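This report concerns only the one structure given below.
The values are calculated or read from the model by the stated rules, or taken from the named source; none is laboratory data. This is a predicted model, so every value here is computed, not measured. With ideal geometry, Cβ positions are generated from the backbone for all residues, glycine too; neighbour counts draw on all protein chains shown.
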Amino acid sequence: MTASTSLDDSALAQAVAIVRASKARPEAQPVVRSFFDEATFTATHVVHDPQTLTAAIIDSVLDFDQASGRTSTGSADAVIAYAEAAGLTVGWHLETHAHADHLSAAPYLQDRLGGRLAIGRAITVVQDVFGKIFNEGTAFERNGSQFDRLFDDGDAFSIGTLDAAVLHVPGHTPADLAYVIGDAVFCGDTLFMPDYGSARADFPGGDAGQLYRSIRRLLSLPRDARVFLCHDYKAPGRDAYVWETTIGLQSDANVHVHDGIDEASFVAMRSARDATLGMPKLILPAIQINMRAGHLPEPEANGTRYLKIPLDLL
């Protein structure tokens, strides 16, 4: 059964209206340029208004070599080069959630391109949970103040002349958001390509039932809405990495949650699958950095920054 727009879901109704209005004006639809980091299987998206050249950068990547503990900025520098060559003015750095598989480059990009950094308000839940896991002291604020804007479900904003709206889509983590910008939907880790399925839901604060309901909410958007994913892991039998699809293709063919899959079946599948998955290799450094809005820990007395590794806890 295809999910339908609930009459009392004003946030979803607003997002549907934005997509439809954008589809009616093809000349004003957002331009999206994506950068794929194969080391973390992450797609960073730069979306801009073709009329004003105002842009947002979504889910940026700071390169990190775990063996040496070294950070580098090659992935972010490619985004900077593109933005400067295209004459873009960056107004926003948008995080769909606190990523467990890569470090955010948002502060680095902000420093060079300007713009405000935003995430969902439920980042405070993530900060509280992982603040305890990493035994952070009182100096670590758990109120989201590291970010410039905390979005709530249904919040509206703009990128130049482009209308944009926020949908809270928890389940993978408590703080996941989808950004609807014109006819483009940036859904973070909530969905993968139809041949790969859906995000895991076994991280602290994750919930498979909630993930199912969030996905069905997204699938209530117009079928011709473009969907841009945060990751692609190249499903068996597919040669190329892909990170763009549509709501219609997800509804028809997503191997985990296409139309006709009910919540109980999805939860059973997702729970069984999650039990077989190892932890992301960068989860410990990534969460420590991303819960701080991409800022590295302050240097200690010797001038060196350190990350913590809790033993026998996760």
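Out of the residues in region 289-314 that are aliphatic (A, V, I, L, M) and over 25 Å from the mean Cα position of the chain (by Cα), state the one that is farthest from Asn135 (Cα to Cα).
Let us first name the residues in region 289-314 that are aliphatic (A, V, I, L, M), namely 289, 291, 293, 296, 301, 307, 309, 311, 313-314.
Remaining after also requiring over 25 Å from the mean Cα position of the chain (by Cα): 301, 311, 313.
Working: Ala301: 19, Leu311: 12, Leu313: 12 Å.
So, considering only residues that are aliphatic (A, V, I, L, M) and over 25 Å from the mean Cα position of the chain (by Cα), the one farthest from Asn135 (Cα to Cα) is Ala301.
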- request: Taking Ser72 as meeting all but one of (1) over 25 Å from Ala165 (Cα atoms); (2) touching a strand residue (DSSP E or B) at 6+ places or on another chain (Cβ under 9 Å); (3) surrounded by fewer than 21 Cβ atoms within 10 Å (Cβ to Cβ); (4) touching a residue at least 40 places away in the same chain (Cβ under 8 Å), write down the number of the exception.
  value: (4)
query: Only one residue in Ala118, Ala98 is assigned to a loop (DSSP other than H, G, I, E, B), under 19 Å from the mean Cα position of the chain (by Cα) and modelled with pLDDT of 95 or more. Which one?
result: Ala98
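Can you tell me which residue is surrounded by the fewest Cβ atoms within 10 Å (Cβ to Cβ) among those in region 260-308 that are of a type in the set (Asp, Glu) and in contact with a Lys or Arg (Cβ under 9 Å, 6 or more places away or on another chain)? Break it down stepwise before answering.
Let us first name the residues in region 260-308 that are of a type in the set (Asp, Glu), namely 262-263, 274, 298, 300.
Applying the additional criterion that residues be in contact with a Lys or Arg (Cβ under 9 Å, 6 or more places away or on another chain) yields 263, 274, 298.
Numbers: Glu263: 15, Asp274: 15, Glu298: 9.
Among them, the one singled out is Glu298.
Restricting attention to region 70-93, does a residue exist that is in a helix (DSSP H, G or I) and either more than 27 Å from Gln29 (Cα to Cα) or among the polar types (S, T, N, Q) (or both)? Working first, answer last.
Within region 70-93, the first condition is being in a helix (DSSP H, G or I), and the residues that meet it are 74-85.
Pick out the ones that are also either more than 27 Å from Gln29 (Cα to Cα) or among the polar types (S, T, N, Q) (or both) and you get 74-75.
Yes: one or more hits.
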field: Residues of region 153-170 satisfying the condition of being farther than 18 Å from Asp59 by Cα, in a loop (DSSP other than H, G, I, E, B) and either of a type in the set (S, T, N, Q) or touching a residue at least 24 places away in the same chain (Cβ under 8 Å) (or both)
entry: Asp153, Gly154, Gly160, Thr161
message: Criterion first (in contact with a helix residue (DSSP H, G or I) (Cβ under 6 Å, 6 or more places away or on another chain), among the aliphatic types (A, V, I, L, M), buried (at least 24 other Cβ atoms within 10 Å of the Cβ) and not in a loop (DSSP other than H, G, I, E, B)) does Val185 satisfy it?
response: no
query: Is there a residue being out of contact with any strand residue (DSSP E or B) (no Cβ under 9 Å at 6 or more places or on another chain) and at positive phi anywhere in region 208-228?
result: no
- prompt: On the given criteria, is Asp49 over 17 Å from the mean Cα position of the chain (by Cα), crowded, with 22+ Cβ neighbours inside 10 Å and over 26 Å from Ile123 (Cβ atoms)?
  reply: yes
statement: When Ala286 is run through (1) more than 17 Å from the chain's Cα centre (by Cα); (2) modelled with pLDDT of 95 or more; (3) under 17 Å from Asp63 (Cα atoms), the failure sits at (1)
task: Check whether at least one residue in region 217-233 is in contact (Cβ under 8 Å) with a residue 12 or more places away in the chain, out of contact with any Asp or Glu (no Cβ under 6 Å at 6 or more places or on another chain) and assigned to a helix (DSSP H, G or I), and report yes or no.
output: yes
